[in-house]
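Colleague: To start, I am sharing the structure in question, which I have written as structure tokens.
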Amino acid sequence: MRLSFSFMMPPTVFIAVCLLAAVLGLRWHRTSLALMLLGSSCLYLSATPLVAHYLLRALEVQVPEHADLTSAEAIVVLSAGAHVGNGRDIPDTLDGLTLERLEAAARLYRDLKLPIAVTGGHLPRTQATLGGLMKKVLEEDFEIPVRWSEEQSRTTFENAVFTARLLKADHISTVIVVTQAWHLPRALWCFNHEGLRALPWAVGQTPAPAIRIRDFLPSLASLQDTFYAVHELIGLVYYRLRF
């Protein structure tokens, strides 16, 4: 029942129709139909848990599993995104990824008692900065002080650039970087590039898939995971070429 219901829901039903149309149309306009088959096949694969998990794991295995945190001098929490308010009665709020990072940083702070830095500037159409929202949540909801709040950055590379300036002014050289496990390879590279020794603290690591039937059934969540993974892989290559 679960399998049949899954094939009736988007995006699976639309992908199945595209594949069927491409197969039936191969007798005509072979090039365009072949491209349609290729594109729809790639869309199908990118929306499957199997492919999404494989791509995420390919990033996460680049991060050491057990970093020695004894030399760390500060905790840096990276921002992700926000839900945009209307500038009046509905305020800007942090997205789920950022809140997960703050929760992990709060637990880490209670264990290590290291000062915390948050980093993130304005997003399009937001009134508040991500850094400002993160500072407010940590201090008001978690009752944890924030020593540094960087609020100019728009990218992961700028997170590192502007945060490094704040920390180096206070003679901080080794930091724990808190972010999603799949984001850590790019984040660590950026902070190391800016002269800080960056230690990983992974949020939400991806388990290895068990290769079950449902791992081949597309879902919106898996499509989003694939988006994150491809974004990170491209970002790693771009940063190393650009900077």
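Here, each number is a calculation from the coordinates, and none is a lab measurement. Predicted model only: the values in this text are computed from it and were never measured. Heads up, the Cβs are rebuilt from the backbone with ideal geometry, glycines too, and the neighbour counts pull from every protein chain shown.
Colleague: Conditions: (1) over 14 Å from the mean Cα position of the chain (by Cα); (2) β-branched (Val, Ile, Thr); (3) surrounded by 17 or more Cβ atoms within 10 Å (Cβ to Cβ). ILE213 meets all but one. Number of the miss?
Modeller: All conditions pass for ILE213, except number (3).
Colleague: Let me ask something else about it. With VAL51, VAL77 as the choices, which residue is β-branched (Val, Ile, Thr), surrounded by 13 or more Cβ atoms within 10 Å (Cβ to Cβ) and either part of a loop (DSSP other than H, G, I, E, B) or under 15 Å from the mean Cα position of the chain (by Cα) (or both)?
Modeller: Only one candidate passes the filter, namely VAL77.
Colleague: If you don't mind, another one. For ALA210, all conditions in the list (1) closer than 25 Å to VAL118 by Cα; (2) outside any helix (DSSP H, G or I) hold save one; what is the number of the exception?
Modeller: (1)
Colleague: Restricting to segment 74-100, what's the tally of residues that are of a type in the set (D, E, K, R) and out of contact with any His (no Cβ under 9 Å at 6 or more places or on another chain)? Give the steps one after another, and end with the answer.
Modeller: Taking segment 74-100 first, the residues of a type in the set (D, E, K, R) are 88-89, 92, 95, 100.
So of that shortlist, the ones also out of contact with any His (no Cβ under 9 Å at 6 or more places or on another chain) come out as 88-89, 100.
Total meeting the criteria: 3.
Colleague: Taking the stated definitions as given, is ARG186 in contact (Cβ under 8 Å) with a residue 24 or more places away in the chain and outside any loop (DSSP other than H, G, I, E, B)?
Modeller: Judged against the criteria, ARG186 is a match.
Colleague: Looking for something in a loop (DSSP other than H, G, I, E, B), of a type outside the set (Val, Ile, Thr) and within 20 Å of the chain's Cα centre (by Cα) - is there at least one such residue anywhere in segment 98-119?
Modeller: There is no residue in segment 98-119 that is in a loop (DSSP other than H, G, I, E, B), of a type outside the set (Val, Ile, Thr) and within 20 Å of the chain's Cα centre (by Cα).
Colleague: Residue by residue through segment 155-175, note down the ones that are outside any helix (DSSP H, G or I) and either without any contact (Cβ under 8 Å) to a residue 24 or more places away in the chain or within 17 Å of the chain's Cα centre (by Cα) (or both).
Modeller: Across segment 155-175, the qualifying residues are THR155, ASP170, HIS171.
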